[in-house]
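Read through the structure below, which is laid out as structure tokens, and then see the notes.
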Amino acid sequence: MVLAELEVFCSRAHAPTRRVALGDSDLPCEPAPGFGGVLLAGIVAEHVAEIDPDHIADIKLLTRELEQGQPIPQPRLRHRLQVDTVGLSAAHHRLLGDGERLWFEFDDTGAPEQQVLGAIYAAGTLEPHVIHVVMAALRKATSWAGPVGDDFIAVVAGGKRGTSFNRTAVENPTAWALGVMGFVATGAAAVAAPPTPDVVRRYRELLRKAHPDHGAQNDGAAQRIADLSEARRILTGR
């Protein structure tokens, strides 16, 4: 299932001018960064290592200018943003999901600079109440090291490395945390955190059961403990 997608139009490698344009997109960002923000950050992380390191400062500056609604002088990264897509080649990027699993599908059509610019300009079109979170995720992506996979999704979605941040966690972090902690709720209470003392009490109980020092299996213990810690942070806000 396609959870988010972005189409970026790119000038060809030997074209006399370097250009980039935005095509169709579906970028849900509620709650921020949402599937759309995760995809945009993923596009940046996937391609930024191929860009001259001297351009990273300008990439971050561009995110802040768009975040603040400033006029954007052209070109940026030696590429000019345009509306017309005639003569340009399309690249399609997607965030896909199957059950709780998430993964990216990137298109290598065009230059890395064009993909990064496309993601940033697309983020600049988002609603004001989500753009700050999404742009922060894109800036985080500029310094990502390692595979753009599960750990990356967890970090840009607001979690930590080593946690099982999955589709539910990105779509509704509170619901994911409630599930990790074993809280069962119905109706409106299903998306509301229990009182902090109840969360802390449950966390201590489950942490004791999950720790190998108390007889739990070593296999999977680290992730289980990381999940519990992250769930506690989400539900208590600390």
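Results, tabulated for the structure shown:
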quantity: Selection from segment 128-163 of residues that are in contact with a helix residue (DSSP H, G or I) (Cβ under 7 Å, 6 or more places away or on another chain), under 18 Å from Leu228 (Cβ atoms) and surrounded by fewer than 18 Cβ atoms within 10 Å (Cβ to Cβ); calculated: Lys160, Arg161, Gly162
quantity: Pairs with Cβ under 8 Å, 6+ apart, first in segment 73-98 and within 22 Å of Gly37 (Cβ to Cβ), second crowded, with 18+ Cβ neighbours inside 10 Å and of a type in the set (Ser, Thr, Tyr); calculated: Leu81/Tyr121
quantity: Which listed residue is hydroxyl-bearing (Ser, Thr, Tyr) and at pLDDT below 90, from Thr196, Thr186, Thr236; calculated: Thr186
quantity: Counted residues, segment 27-59 - those being under 16 Å from the mean Cα position of the chain (by Cα) and either assigned to a loop (DSSP other than H, G, I, E, B) or surrounded by fewer than 21 Cβ atoms within 10 Å (Cβ to Cβ) (or both); calculated: 7
quantity: Every pair of residues 6+ apart whose Cβ atoms lie under 8 Å, when the first sits in segment 125-146 and is closer than 20 Å to Val48 by Cβ and polar (S, T, N, Q) while the second is at pLDDT 95 or above and surrounded by 18 or more Cβ atoms within 10 Å (Cβ to Cβ); calculated: Thr142/Val44; Thr142/Ala45; Thr142/Val48; Thr142/Ile59
quantity: Residue that is over 21 Å from the mean Cα position of the chain (by Cα) and either closer than 25 Å to Leu62 by Cβ or among the hydrophobic types (A, V, I, L, M, F, W, C) (or both), where the choices are Ala111, Ala141, Ala136; calculated: Ala111
quantity: Residue selected from segment 199-222 under the condition of a type outside the set (A, V, I, L, M, F, W, C) and modelled with pLDDT of 85 or more, by the criterion nearest to Gly159 (Cα to Cα); calculated: Tyr203
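The values are calculated or read from the model by the stated rules, or taken from the named source; none is laboratory data. Predicted model, so just to flag it, every value in this text is computed and none were measured. All Cβ positions, glycine included, derive from the backbone under ideal geometry; neighbour counts span all protein chains shown.
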